[in-house]
1. Given the options C:Thr55, C:Thr94, C:Thr282, which has the most mean-square fluctuation in a GNM of chain C, springs set between C-alpha atoms less than 10 angstrom apart?
2. Tell me the relative contact order for region A:100-179 as a rounded percent, counting alpha carbon contacts under 8 Å between residues six or more apart.
3. Based solely on C-alpha atoms, express the radius of gyration and the Dmax of the protein assembly as shown in angstrom.
4. I want to verify the translational diffusion coefficient of region C:142-272 in µm²/s; compute it with Stokes-Einstein, Rh as the Kirkwood radius over Cα pairs, at 25 °C and 0.890 mPa s.
5. Quick one: plug the Kirkwood hydrodynamic radius of region A:100-179 (C-alpha pairs) into Stokes-Einstein at 10 °C, 1.306 mPa s, and report D in µm²/s.
6. With θ set to phi - 60° and the Karplus curve 6.51 cos²θ - 1.76 cosθ + 1.60, what are the ³J(HN,Hα) couplings of region A:190-195 in order, to the nearest whole Hz, using x for Gly and Pro?
7. Please list log₁₀ I(q)/I(0) at q = 0.11, 0.15 Å⁻¹ for chain A, using the Debye equation with identical point scatterers on the alpha-carbon positions.
8. Listing C:Phe8, C:Phe263, C:Phe132 from the residue with the fewest other Cβ atoms within 10 Å to the one with the most, what is the order?
Amino acid sequence: MSEASHLDNDQPLLVADGLAKNYGQLAACRDISFSLYPGEVLAIVGESGSGKSTLLQLLSAQLAPSAGRVSYRMRDGVLRDLAVLGEAERRFLFRTDWGFVHQDPAQGLRMGVSAGANVGERLMAVGWNHYGKIRDSASTWLERVEIDVGRIDDAPKTYSGGMRQRLQIARNLVTEPRLVFMDEPTGGLDVSVQARLLDLMRNLVSELGLAAIVVTHDLAVARLLSHRVMVMKGGRVIETGLTDQVLDDPREPYTQLLVSSILPP
Amino acid sequence: MTAMIELANAEKTFTMHLQGGVELPVVRGVSFHVEPGECVVLSGPSGAGKSSILKMIFGNYRCDSGRIGIRHHGAVIDLATAEPRQVLSIRRSTIGYVSQFLRAVPRVATIDVVAEPLIVNGVAREEARTRAGHLLRRLNIPERLWTLPPSTFSGGEQQRVNIARGFISDLPILLLDEPTASLDAANRAVVVELIAEKKTKGVAMVAIVHDDEIRHLIADRIVDVTSFAAAA
Amino acid sequence: MNAPTYNFAYLDEQTKRMIRRAILKAIAIPGYQVPFASREMPMPYGWGTGGVQVTAAILGPDDVLKVIDQGSDDTTNAISIRKFFGKTAGVATTTSTTDATVIQTRHRIPEAELHAGQVLVYQVPIPEPLRFLEPRETETRRMHALAEYGLMHVKLYEDIARFGHIATAYAYPVKVNARYVMDPSPTPKFDNPKMDNCAALQLFGAGREKRIYAIPPYTTVVSLDFEDHPFTRYRFDAPCALCGADNSYLDEIVTDDRGGRMFVCSDTDFCEQRQAAGHHGTERAAPHKEKAHV
């Protein structure tokens, strides 16, 4: 499928409507509304404590909002409020139509289980029951994320940081999700490793027509991966727009500060 | 309207919050239009706002007031108020932008960098690569370089790759920001040729060119940006 | 007779009622692990405290009790538990599988087919089949609740990737009544097919982990596998050296210090019955080799 067919789709995939989260007196997220369309990559940027990770948890239904709601268009084409989904449906969504790439691969992988089984687990969870086919699919995905297929039976605890992150991506994409959440996907990696990972993610996202919500404090990641960006500060979205628009022509004082804080390449 | 681009009283001001909220007016009252098959060249001294206008037409700079009408899929869309998704759609199938500098994608072969805009619009990979090869040959990029990423090339070579990438598609609007700046005479002539071919195909173009000779070769009309200078 | 200082079958009546309630619930939800207030028993954990509590709760004065450990009636553990109930409940005991009404077992299912009315009580060390892959109890409970069993196949996948076949030889996971995945306790997988559609009631007690679960009579029990790596049971490729049986599960007995060994039925009652009926083995040493048994 070409990227075009996804971006021209006029029905939103995910809709956030007046989302808020309070921790006692503290408002971690306030009044956040937006729509994400199929094939669209949205970056959420802001400094630590700006509420971007809380927002990601709200959007991925891991945290219940204090107000507002998140709706998702299921594969049957119906937009449904995530809060009224049963836990079984939510978890099913999480291992089929969604992916979640954690900053720390140890959170997203089974570190003591072989790479092949890490990738195959989601397939087995949806009822694949043929070892040969599961293994073939795992091999294909390892190749796509540029991991030597000879390492398929090694556990990720024997992998380097960059390989672990790529394995985590393969594990998430094997069920061909339509939406992937990423929490600082390049955090904690060497610069050279980051570049390779970003390039890989950029290609996969456009080849598969994935929609993605990427939380990052790194504006370079936002520029390379995303179509659209939301700048957060103090739990609010203070500026939003096309990524190059916001980064080349920032309007808000805080966004200007963020952009001007980047060292020239 | 039949125009591909129609600007009416477009205005742009930068507010520099980090400098105590200084307002930096760039342009105001920008009004001109571009017909299909026409190349409009923006003129004026540097700092007059030529690049800013080009970036506004591409949706890269936001327009503070006024209107930037773009004919997209038969309808007119106002870029000043368009949704991000519409802007992306316009960039994919209506407006191409050839900047002075290639924003190199790491690890991707030159031929694929050039072919990408076609592939994104649904052209088969092999055909896209064939057409990319044609253009690269015309622009005198040796075939042995095609499989290498352009990030290692010289400035002039990178610019020619960028031109190839910009001219390969069949988009009805092209924005050219100094496309011949660091090219030798032979390659400048190729670019002039490419622009002439686009005109015969009805492509509307807006260009910034400093070289007087080139300007006369390509311009159908010249719009003097000085009149839009926003004196504070 | 009943030892005067003990209540019938050692446990007090309230405790037995509590355990019976757990058992009833377990029977109602085949394969589901029911928590219960496991008591301290006069034996260490790991010696069958779960099985003993279940047995104590279901035993009546007319029951005939058989206790086996690894198929054998005459190992220390089996004899101790049999004596324990002989002393505290005064019930009749037997070594005959057919004659027993309650059979408490560790690590085997008898070879002789069980019949309606019998109860097989398993001693269980770790009841949670997902435990070694998912250490969080909260998470494994949720997985059972939502029937998310992909992880169980991850374990089998790992076996094949590492050994070329499903190497899990005991505590081989099963799906009960097409719903709950269950650990059949550390019985050899050779015994798994005997659990399926069994005429007897099967009860599982885990004392340390405080769980009881059950398979009611005539319930479907399926061993998990892959289409291209189907479940297979294995036994040593030899007839029993004592009774000549070629369809029973065998124990390996080392006979000298030069590598000599012989294989005999692990189910002593089965072996003795066959010998009494005139079957004899060759008593010769056999090669150490396993073979699929269909």
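No value in this document is a laboratory result; all are computed from the given coordinates. All figures in this text were calculated on a predicted structure; none of them were measured in a lab. All Cβ positions, glycine included, derive from the backbone under ideal geometry; neighbour counts span all protein chains shown.
1. Comparing C:Thr55, C:Thr94, C:Thr282 in a Gaussian network model of chain C, the most mobile one is C:Thr282.
2. Details: 91 pairs, mean separation 34.7, N = 80.
For region A:100-179, the relative contact order is 43 percent.
3. 36.9, 121
4. Working: Rh = 16.8 Å.
Rounded, D is 146 µm²/s.
5. Working: Rh = 12.2 Å.
Rounded, D is 130 µm²/s.
6. 4, 4, 5, 5, 4, 4
7. Values, matching the q order: -0.61, -1.14.
8. Values: C:Phe8 17, C:Phe263 25, C:Phe132 11.
Going from sparsest to densest Cβ surroundings: C:Phe132, C:Phe8, C:Phe263.
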